[in-house]
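Take a look at the structure set out below.
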Amino acid sequence: MSKAIVIDKNGGPEEMKLVDVQVGEPGPGEIRIRHKAIGLNFIDVYQRSGLYALPMPLKLGMEASGIVEAVGAGVTHLQAGDRAAYAANPPGSYSELRLMPGRNVCKLPDAISFETGAAMMLKGMTAQYLLKRTLPVEGLKAGDFVLFHAAAGGVGLIACQWAKALGLQLIGTAGSDAKCALAKAHGAAHAINYVTEDFLARVKDITGGKGVKVVYDSVGKDTWDKSLDCLMPFGLMASFGNASGPVPPFAPGLLGAKGSLYVTRQTLFTHIATRETNQAMMDDLCAVVQSGAVKILIEQTYPLDQVQQAHRDLEARKTTGCTIITL
């Protein structure tokens, strides 16, 4: 048996219930993992609320670390006793124990703690695919300007550090002066408080009127229109979230009028669809963390039975950096 968070219908944090579930033996291609720490992410909110519709009842959670207890037939890269971590489908990481497709789980180096492993997987691999795999048509090189919204969040603080290591000039936005200071302390070249400043005007000022090559946006509706105007010709608008709500439909002709722009909607789970790509991205993330160039900032910790409060704080933008759930 395992304690797990389950919802029977979409709604607010109060729909999440801590219940006992049966966990069996792993089938072909599966592993059973006992969690040590669990990551909290905005995708959990989207799935709970119904923005991302999934069948009910639904176990929540997309990220965790722990110890492999058993492996099914065909799993060769993991064995019982291995330290492991994942950010992957299917949901269900808000639990003590679960079964997982083995291809979605990677070994966790001994030098990286379970807490860091749980905090870094989804956010760190998201930063990896954005900065390394979601690139404008002309590519990115040292000195280029990029705009990163929600720069003081879990993905944002990792991206600030990683961008600095790559020599990029990251312009971050955040909702308070304190969050802007946090982004700058983690490598952002510039930080804009979008509550008190017009981020479009500031981006144009910072870049001498040229704009940025790429905008990385997890906010959605509230930042979309001005973000397009921040781009230089042939720039890339890379959407990877909807924290303020989904982006309304728009006419493709608008992209031509604004400078032959590119738009993409990215998701981590396309990038990690194969075990080989998943492992390669994990290796890159672990390398940059172990080098010290990227530090994983865990600012909030909640026990599993307080996950409702964790969701409330996340939605109210009261969190910074990474948040983990402990067992």
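What number of residues in region 8-36 are of a type outside the set (Val, Ile, Thr) and touching a Gly at 6+ places or on another chain (Cβ under 7 Å)?
Number of matching residues: 9.
Going by the conditions given, is Gln290 under 19 Å from Val155 (Cα atoms) and either of a type in the set (S, T, N, Q) or more than 17 Å from the chain's Cα centre (by Cα) (or both)?
It is true that Gln290 is under 19 Å from Val155 (Cα atoms) and either of a type in the set (S, T, N, Q) or more than 17 Å from the chain's Cα centre (by Cα) (or both).
Tell me which strands (runs of 3 or more DSSP E) are completely within region 1-107 and hold 3 or more residues being in contact with an Asp or Glu (Cβ under 9 Å, 6 or more places away or on another chain), or say none if there are none.
Result: 2-7, 30-39, 63-71, 83-87, 97-101.
Okay, residues lined up against (1) more than 18 Å from Asn104 (Cβ to Cβ); (2) in contact with a Leu (Cβ under 8 Å, 6 or more places away or on another chain); (3) of a type in the set (Asp, Glu):
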site	(1), (2), (3)
Ser2	yes, yes, no
Gly11	yes, no, no
Ile33	no, yes, no
Ile43	no, yes, no
Pro55	yes, no, no
Glu63	no, yes, yes
Ala70	no, no, no
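Is it fair to say Tyr86 is under 17 Å from Val6 (Cβ atoms), aromatic (Phe, Trp, Tyr) and either within 23 Å of the chain's Cα centre (by Cα) or at pLDDT 95 or above (or both)?
So Tyr86 does not fit the description; no.
Among the residues in region 133-154, are any surrounded by fewer than 24 Cβ atoms within 10 Å (Cβ to Cβ) and in contact with a helix residue (DSSP H, G or I) (Cβ under 6 Å, 6 or more places away or on another chain)?
For region 133-154, residues surrounded by fewer than 24 Cβ atoms within 10 Å (Cβ to Cβ) and in contact with a helix residue (DSSP H, G or I) (Cβ under 6 Å, 6 or more places away or on another chain): absent.
Residue by residue, here is whether (1) touching a residue at least 60 places away in the same chain (Cβ under 8 Å); (2) in a loop (DSSP other than H, G, I, E, B) holds:
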position: Pro109; (1), (2): yes, yes
position: Gly117; (1), (2): yes, no
position: Gln128; (1), (2): yes, no
position: Lys141; (1), (2): no, yes
position: Val146; (1), (2): yes, no
position: Ile158; (1), (2): yes, no
position: Gln161; (1), (2): yes, no
position: Thr173; (1), (2): no, no
position: Ala181; (1), (2): no, no
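The values are calculated or read from the model by the stated rules, or taken from the named source; none is laboratory data. Here the structure is a predicted model, which means the values were calculated and not measured. As a convention, Cβ positions derive from the backbone with ideal geometry for all residues, glycine included, and neighbour counts pool all protein chains shown.
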